[in-house]
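S.K.: Got a structure for you, questions after.
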Amino acid sequence: MHQALGLQALNWLLKLEQRLQRDGSAVIKADSKIAAQVIAWCIEQQLLPAHSARLATVQFNRALLEQIAEAQQALGQACFRQPLSSQDRLQQSLHSQQELKSAGASPRQHRVLVRLNTPLYVQGLPALQFSDLDWQEILLSAYDALLVVENLDCFYQLERFTFTMPYPQLLIIYRGDNQYSSGGKALSAAWQQTGKPCVYFGDADLAGLSIAISLGCSSMLLPELSQFQHAASPAILDDKQLKFKPGLVAMAMHPAFTPYQQLICQQLKGLRQQQMQAMPLTPVPLLAPSYTRALAEQKS
C-alpha cells in the first residue's frame, strides 16, 4: 500500500485545485516526481485506472480532486485542503493521523523570551524573572519602549549593566537564536507599527549595527563616546562582518551616532556587549530623521 502523500504533493494538489477552479480540468504530464506520486496514490485508491501509470499525461478535474479529498479524510491522512501552513501539529492531529513535522507553525515560531520588570514569586520556586510567551498575546500598548538584547548571557544577567532609559514601562526581549529569532523579528515588526521607541543592546560592531537597523530599532544602548573610543578594538571585527560595511557607510546617521559610525564603519573598531559592564549606558539615536522617514515610506 502506498504511503500518505507528503507535504510537497499536498501543496501540488492545492495549487492544482486553484487552477481547476478557473479551467475546470487540466492535462497533467506524468514525468515529474510529484505528479507520478499523486497518480500512483490515486491508482492505489482506485480513483484512476491502473494503466494511468503508463500514460504520458493524465487528466485531472474537479470531481477527481473531490474524490481525492474524501479518500484522504476517510484514510485519516492529511487532506490537501487543510490549512496546513497555519496549523501547528496539535491542530493537524485533530484532522488526520498523518504527522507532517515540516508543515505549519513550529512550536517556537511565535515565541519570545521576555525579561519581567517585576519578578514573580511562586511557592517552591526561585523568583521568576523570565517568561517564554507567544508574542501575539503581549499587549504592546502597555509599554513605552522595546529593548532588544542581542546576547543570551547578557539578557539573563542584565542587572550587571548600568543603563538609563527615559521610559517608565520597558518591554525587554531576547533577540533570539535558532529557537526564538522568528518570534523576535515578528514582535519587532509589530512594534514598528506603534511608532514607539525601540532600543537595541548588543555588540557595537558592523554585525550588531546591521541587526539593529534591520529590526527597525531607533537607538542603540552605548557608553559615552570617549569611553567607547578608549575601549573599542578592531579585534572583535572579523572578516565575515565586512559585508555589512558598504550598506552601513551609505546610511545617513543621526548626528549623535555619526562619531560611533565612523569608529565602527571606517576605523573598523567594535565593542562587545559583555565589555560594556560598569559603563554607564544611554540610548543613542541611530538614523537621521529624514532617512528614517524614507525607510518608512519604502516599507509602506
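The values are calculated or read from the model by the stated rules, or taken from the named source; none is laboratory data. Everything quoted here is computed from the prediction, not taken from an experiment. Neighbour counts are summed over all protein chains in view; Cβ atoms, including those assigned to glycine, are modelled from backbone coordinates with ideal geometry. Heads up: the accessible areas ignore ligands, DNA and RNA and are worked out on the full protein's heavy atoms, side chains in. Shrake-Rupley method; radii C 1.70, N 1.55, O 1.52, S 1.80 Å.
S.K.: In whole percent, how big is the carbon plus sulfur part of the accessible area of region 121-170, probe 1.4 Å, protein atoms only?
M.R.: The value for region 121-170 is 53 percent carbon and sulfur by accessible area.
S.K.: Another question, if that's okay. How about K240: which aspartates and glutamates have a C-alpha closer than 14 Å to its C-alpha, ignoring those fewer than 8 places off in the same chain?
M.R.: Those aspartates and glutamates meeting the cut-off are D205.
S.K.: Taking amide hydrogens as modeled 1.01 Å from N in the peptide plane, which residues meet the under 5 Å criterion relative to L221, leaving out close sequence neighbours?
M.R.: Long-range HN contacts for L221: Y200, F201, G202, V284.
S.K.: Right, next: What order, most packed first, do the peptides 215-225, 125-135 have when packing is the mean number of other Cβ atoms within 10 Å of each residue?
M.R.: 215-225, 125-135
S.K.: Local charge sum around L215 (other residues, Cβ-Cβ under 12 Å, Lys/Arg +1, Asp/Glu -1)?
M.R.: +1
S.K.: So who's got an amide H within less than 5 Å of the one on K269, skipping anything under 5 residues away but keeping other chains? H placed 1.01 Å off N, in plane.
M.R.: Here I264 satisfy the definition.
S.K.: Further question: With a 1.4 Å probe and every protein chain left in place, work out the accessible area per residue of the chain in Å², rounded to a whole number.
M.R.: Accessible surface, normalised per residue, equals 55 Å².
S.K.: Going by a ≥ b ≥ c, the root eigenvalues of the Cα gyration tensor, does region 156-230 fall in the rounded group (a/c under 1.5), the prolate group (a/b larger than b/c) or the oblate group?
M.R.: prolate
S.K.: Hey, what do the phi angles of region 197-211 turn into as Karplus ³J(HN,Hα) couplings, whole Hz, using 6.51/-1.76/1.60 and θ = phi - 60°, x for Gly and Pro?
M.R.: Karplus-based 3J(HN,Hα) across region 197-211 equals x, 10, 10, 9, 10, x, 5, 8, 9, 4, 5, x, 5, 5, 5 Hz.
S.K.: To continue, here is another question. Return the aspartates and glutamates within reach of K33: Cα separation strictly under 18 angstrom, same-chain partners fewer than 8 residues apart disregarded; answer none if there are no such residues.
M.R.: E44
S.K.: Still on this structure, please answer the following. Straight-line reach only, C-alpha to C-alpha below 18 angstrom: list the aspartates and glutamates that K196 could link to, leaving out same-chain residues fewer than 8 apart.
M.R.: Qualifying aspartates and glutamates at Cα under 18 Å: D144, E297.
S.K.: Now a separate question. Leaving ligands, DNA and RNA out of it, report the carbon-plus-sulfur percent of the accessible area of region 1-65 at a 1.4 Å probe.
M.R.: The nonpolar share, carbon plus sulfur, comes to 49 percent.
S.K.: Run a plain Debye calculation on region 209-300 (Cα atoms as equal point scatterers, no solvent) and give log10 I(q)/I(0) at q = 0.24 Å⁻¹, rounded to two decimals, same order as the q list.
M.R.: Log10 of I(q)/I(0), two decimals: -1.40.
S.K.: Here's another thing I want to ask about it. May I ask you to derive the relative contact order of the chain, considering only C-alpha pairs under 8 Å and at least 6 residues apart, and to give it as an integer percent?
M.R.: Relative contact order comes out at 13 percent.
S.K.: Using a Förster radius of 35 Å, what is the FRET efficiency between L242 and Q169 based on their Cβ-Cβ separation? Nearest 0.05, please.
M.R.: 0.35
S.K.: How far is helix 7-23 tilted, in degrees, relative to the longest principal axis of the Cα atoms in the chain, given as a value from 0 to 90 rounded to the nearest 10?
M.R.: 70 degrees
S.K.: Here's something else I'd like to know. What ranking do 25-36, 146-157, 228-239, 269-280 get when scored by the average of other Cβ atoms within 10 Å per residue, highest first?
M.R.: Listed from highest to lowest mean packing, they are 146-157, 269-280, 228-239, 25-36.
S.K.: I need the per residue convex hull volume for the chain, using only the alpha carbons, in cubic angstrom as a whole number.
M.R.: 203 Å³
S.K.: Could I ask something else about it? Restricting to bridges with both residues inside region 163-300, how much of the DSSP beta-bridge set is antiparallel, in percent to the nearest 5?
M.R.: Around 75 percent antiparallel, to the nearest 5.
S.K.: Give, as a single signed number, the net charge of other residues whose beta carbon lies under 11 Å from the beta carbon of A69, with Lys and Arg counted +1 and Asp and Glu -1.
M.R.: With Lys, Arg at +1 and Asp, Glu at -1, the net is -1.
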